[in-house]
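The values are calculated or read from the model by the stated rules, or taken from the named source; none is laboratory data. Note that the coordinates shown come from a computational prediction; the quantities given were computed from them, not determined experimentally. Cβ: placed from backbone, ideal geometry, glycine included. Neighbour counts: every protein chain shown. Only protein heavy atoms, including side chains, enter the accessible area calculation; ligands, DNA and RNA are left aside. Shrake-Rupley method; radii C 1.70, N 1.55, O 1.52, S 1.80 Å.
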Amino acid sequence: MRTPLAWYNSIEQPRRTAAAVGGMSFALLLIFMQAGFLGAARTNVAVIYLALDFDLVIHSRAYLTLPRSEPFDRLRLNQAAVVPGVARVTRFLTDSFGWRNAASGDSAGGFMLAVPADAPVFLDPEINRQLAAVRPTLTALVDRKSRPGYGPWRVGDKAVLNGQPTLIAGSYELGMGLLTEGSVIVSDETYERLQGPWHGRIANLGLVKVAPGADVAAVADALRAKLPQDVVVATRADIIRREQNYFINVKPVGIMFQVGMVVAFAAGAAILYQILASEMNNRLGEFATLKALGYPASAIYGIGIQQGLIYALLAYGPALLLAAGFYRVARELSGFPLHLDLGRAGFVLGLALVMCAIAAVLSLWKIRRADPASLF
Amino acid sequence: MSSPVPRETAIAVADVDHHYGAGEARKQALFGNRLDVRAGEIVIMTGPSGSGKTTLLTLIGTLRSVQAGSIRLFGTELAGLSPAEQVRMRRQIGFIFQAHNLLEALTARQNVKLALELSDTPPAEHDRRADAMLEAVGLGHRLHYKPRHLSVGQRQRVAIARALVNRPRIVLADEPTAALDQESGANVVALLRRLADDQGAAVMIVTHDNRILGVADRIVNMVDGRVVSDIRIRETMLICAILKQCDVFKEMSPSDLTDVAQKMAEERFPAGAAIIRQGESGEKFYVIAAGRAEVRRTAEGSAPAVAILGAGGFFGEVALLRDQPRNATVVALEPVVAYTLAKADFLGALRTHKSFEDQISAQLFHRG
């Protein structure tokens, strides 16, 4: 068939087509938003790892996720430091803490991150530069992206961390997103003062940087051979994947967005099916006529599939534009890292096509009933 | 009136039964039907609804599968065709449905092109061919109109253009004129007649429209799933016209003449063939519909030609009336189409006529 019948059929009933396209656009926009949030959550849950400069990480065998990382004996770090190929092992401590704004009285929670003041393990040079400022005990750097619950504060103010007045010696930009309300960075000595002296014997993570030219996997193996079974050695990619897997697939955060996506997908497919099926139903006589003219059933199924494709593609354009707009708004309002990248645009386009395929297959059943013998 | 030209059989229906439903609900719709339609013939099918005529039409159109019996279209058997073969077969057939069944989203031209796109016509020709066809049905000024902007009659004519654009050799039409006024109906029928005459298409029309009966070569009546009568209208009228000239029949009423004509069978003879031979016993009466034949009477070893018979000529009645052997030989000079009446029918027809005795004597007197 040279005549683009599917196209003519689609534009013949502009109102029906607009309904189909509008409904599907909305479903695709929902998918875009859910996928955006999911992607942002993925970035967000690994935000601390993503801010740190390391090749391998040593953590407790009982480690679940960074905010709930069982500590291990800091002696392991000394053992690791002498393994050939290891350039540097940095002790990393983290736990939640209570914040109180000394001036306004606002109080909130957050994560306290601690490294030795002489260890520039952050990727952000702004943080590394300021580590010297937290060398004195009871000084801290505060995350500028902490929630409003932290109250108004400025560098040089005092805040009460875990009940102890602490000087705000600097600030940085990290953003804890969904994880918690904010964060502070302190030296390991301050950390022991604020969290309890027994922390002096432990570490939450050992951040390993391998020597230039050394093979990361080989160093990891060497570390595993050397270290006792109470700790585990993971690569940077492994630990980030593990962290994302925990939040996306185990914790309800990710599942929530995934369910949202599935629901939006099902809604889109259902809308498309409804419109396509009623379209096919209305045109049964025409399809029967095509069969009588001598068109094979495959050509007629083709019309249905093309029409689904036309609806899906027409719906995709507006959804993409709206999503870009909404991402921007959400990003500006919440600071949540929503970005429209090519991968996500392609992913949603793929979903739109799958939606179209499902709707087409379901609605094409109707075409089987187009019986040319009924025309006489 | 055109004279019959030998034509091949376009549609041959033999022993066709058809059932609908299954199990308890199984119902027979067609019973052992036979029907032959020649190329160039227009057959009108009539009969009450539910008589099976539509079923027969859908079977011939390969829109249904043949269950029992045989249907051949130009020699191709339809029984046992695969669905794909059925689809290909349909492309040779022009369908005209009662409801026009145009595609609403397409213009008149696009609707006609849909059919062209299934043919071997080069795509560059499609627009021209479609436009010419629409011109032929008087819609040259409506090429770019969609069905909903056309009148009912115009839509039906677009559907007819679509059915005929590929010059199908078989046209199946269901009440093609039901939605049309007198003039449009006559135009459509004239179009079908032209297709049959010029391109030798076999046309079957299911209709209740008395206005178009005149176009038919034959009228087939179906009742309760059976063909109950098959009247060759044009042929019958042709035969009646010849019989009218024949002394034996000239006093007969038109209805008696029609009865006689319908009992006559067509026979064809190639040039040079002896149609009857002197000395044989006479079994049939002959009228010549087309071609010329020579009458020779053998006497003392030589067989001089005593007469030449052309279309409208008749012979063979003397032997039947006198119950004697043939008194002459008749040889076809060119291909001859004749209609023959068996002896029993011939005598039966005469006997029902009240001046039978007078007729015989008059006839015998003239022929001496």
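Just how large is the dipole of the stretch A:62-228 about the Cα centre, in debye to the nearest 20, putting +1 at every Lys and Arg Cβ and -1 at every Asp and Glu Cβ?
Charge dipole, the stretch A:62-228, about its Cα centre: 160 debye, nearest 20.
Which of rounded, prolate, oblate describes the stretch B:107-159, given a ≥ b ≥ c as roots of the alpha-carbon gyration tensor eigenvalues and a/c under 1.5 marking rounded, otherwise prolate only if a/b is larger than b/c? Walk me through the numbers on the way to the answer.
Values: a/c = 2.23, a/b = 1.89, b/c = 1.18.
Prolate, because a/c is 1.5 or more and a/b exceeds b/c.
Rounded, prolate or oblate: which fits the stretch B:18-155 when a ≥ b ≥ c are the square roots of the eigenvalues of the alpha-carbon gyration tensor, with rounded for a/c under 1.5 and prolate only if a/b beats b/c?
prolate
What does the charge add up to near A:V186, with Lys and Arg as +1, Asp and Glu as -1, over the other residues with Cβ less than 10 Å from its Cβ?
Working: positive: A:R193; negative: A:D188, A:E189, A:E192.
Once positives and negatives cancel, what remains is -2.
What are the ³J(HN,Hα) couplings of the stretch B:297-309, residue after residue, when phi is run through the Karplus curve with 6.51, -1.76, 1.60 and θ = phi - 60°? Round to Hz, x for glycine and proline.
With the stated coefficients, the stretch B:297-309 comes to 10, 7, 9, 6, x, 9, 10, x, 6, 9, 7, 10, 10 Hz.
With the solvent-accessible surface defined on protein heavy atoms using a 1.4 Å probe, which residues belonging to the stretch A:291-307 display a reduction of at least 50 Å² in accessible area in the multichain context relative to the isolated chain?
Residues of the stretch A:291-307 that lose at least 50 Å² of accessible area once the other chains are added: A:A292, A:L293, A:G294, A:Y295.
Compute the distance from the alpha-carbon center of the stretch A:179-202 to that of the stretch B:180-217, in whole Å.
Cα centroid to Cα centroid, the span is 100 Å.
Which of A:I358, A:V329, A:A319 sits closest to the plus end of the dipole of the stretch A:263-376, meaning its Cα is farthest towards the positive end, when Lys and Arg get +1 and Asp and Glu get -1 on the C-beta?
A:I358
Using a simple spin-label model with points 7 Å from Cα along the Cα→Cβ vector, what separation in nm is obtained for A:V160 and A:V82?
With each label point 7 Å from Cα toward Cβ, the separation is 4.7 nm.
Compute the length gained on full extension between B:I231 and B:R322: take 0.36 nm times their separation in residues and subtract their Cα-Cα distance, giving the result in nm to one decimal.
That pair, B:I231 and B:R322, stretches by 29.6 nm at full extension.
Tally up the carbon and sulfur contribution to the accessible surface of the protein assembly as shown as a whole percent, 1.4 Å probe, everything protein left in place.
Answer for the protein assembly as shown is 55 percent, counting heavy atoms of protein chains only.
Can you list residues from other chains, or at least 5 along the same chain, whose modelled amide H is less than 5 Å from the amide H of B:M222?
B:T46, B:G47, B:V228
Quick check on the stretch B:234-367: take the gyration tensor over C-alpha atoms, sort the square-rooted eigenvalues as a ≥ b ≥ c, and tell me if it's rounded (a/c under 1.5), prolate or oblate. Numbers along the way, then the final one.
Working: a/c = 2.00, a/b = 1.29, b/c = 1.55.
Taking the square roots of the gyration eigenvalues as a ≥ b ≥ c, the stretch B:234-367 is oblate.
How much length is gained on full extension from A:A62 to A:R16, taking 0.36 nm per residue of separation minus their Cα-Cα distance?
Full-extension gain reported as 10.8 nm.
Run lengths n ≥ 4 of DSSP H only: what is the helix-derived mean residue ellipticity at 222 nm for the protein assembly as shown, with -39500 (n - 2.57) per run over all residues, to the nearest 500?
Numbers: 23 runs with 307 residues, N = 744.
Using -39500 (n - 2.57) per qualifying helix, the result is -13000 deg cm²/dmol.
For A:R369, project a label point 7 Å along Cα to C-beta. Then give me every residue of the stretch B:50-71 with its amide nitrogen under 19 Å of that point.
The answer is none.
Obtain the nm distance between the two label points defined at A:L353 and B:R91 by a simple spin-label model: each point lies 7 Å from its Cα along the Cα-to-C-beta direction.
Each label point is offset 7 Å from its Cα along the Cβ direction, giving 3.0 nm.
Could you please report the charge total around B:R38, scoring K, R as +1 and D, E as -1 over all other residues with beta-carbon less than 9 angstrom from its beta-carbon?
For residues surrounding B:R38, the net value is -3.
So, counting K/R as plus one and D/E as minus one, what does the shell of residues with Cβ under 13 Å around A:F32 add up to? Working shown, then result.
Values: positive: A:R328, A:R344; negative: A:D341.
Result for the local shell: +1.
Given the Cα-Cα distance of B:E267 and B:R351 and 0.36 nm per residue of separation, how much length would full extension add, in nm?
27.7 nm
If a helix is a whole DSSP H run, which ones in chain A reach 27 Å or further along their own axis (Cα) and hold a mean Kyte-Doolittle hydropathy of at least 1.0?
Details: long enough: A:14-45 (45 Å, 0.84); A:252-282 (44 Å, 1.21); A:297-334 (53 Å, 0.95); A:342-364 (32 Å, 2.16).
Qualifying helices, which must be both long enough and hydrophobic enough, are A:252-282, A:342-364.
I'd like to know which of B:P176, B:A274, B:M204 lies farthest towards the positive end of the charge dipole of the stretch B:161-316, counting +1 on Cβ of Lys and Arg and -1 on Cβ of Asp and Glu.
Towards the positive end, the residue furthest out is B:A274.
Give the residues of the stretch B:123-155 whose amide nitrogen is closer than 13 Å to a point set 7 Å from the Cα of B:D181 in the direction of its Cβ.
The answer is B:151-154, whose backbone nitrogens lie closer than 13 Å to the label point.
Counting Lys and Arg as +1 and Asp and Glu as -1, each charge on the Cβ, what is the dipole of the protein assembly as shown about the Cα centre in debye, to the nearest 20?
On the way: 80 positive and 69 negative charges, 198 e Å.
Here the protein assembly as shown has a charge dipole of around 960 debye.
Can you work out the accessible area per residue across the stretch B:9-232, with the rest of the protein chains kept in place, probe 1.4 Å, in square angstrom?
40 Å²
Taking the Cα centre of chain B as origin, sum charge times position over the Cβ atoms of Lys and Arg (+1) and Asp and Glu (-1), and report the length of that vector in debye to the nearest 20. Before the final figure, lay out the partial values.
Numbers: 45 positive and 42 negative charges, 136 e Å.
Once rounded to the nearest 20, the dipole reads 660 debye.
What pairs in B:K244/B:K284; B:K27/B:K263; B:K53/B:K343; A:K291/A:K366 have C-alpha atoms more than 26 Å from each other? Mind showing how you got there, number by number?
On the way: B:K244/B:K284 18 Å; B:K27/B:K263 34 Å; B:K53/B:K343 35 Å; A:K291/A:K366 14 Å.
In this structure, B:K27/B:K263; B:K53/B:K343 lie more than 26 Å apart at Cα.
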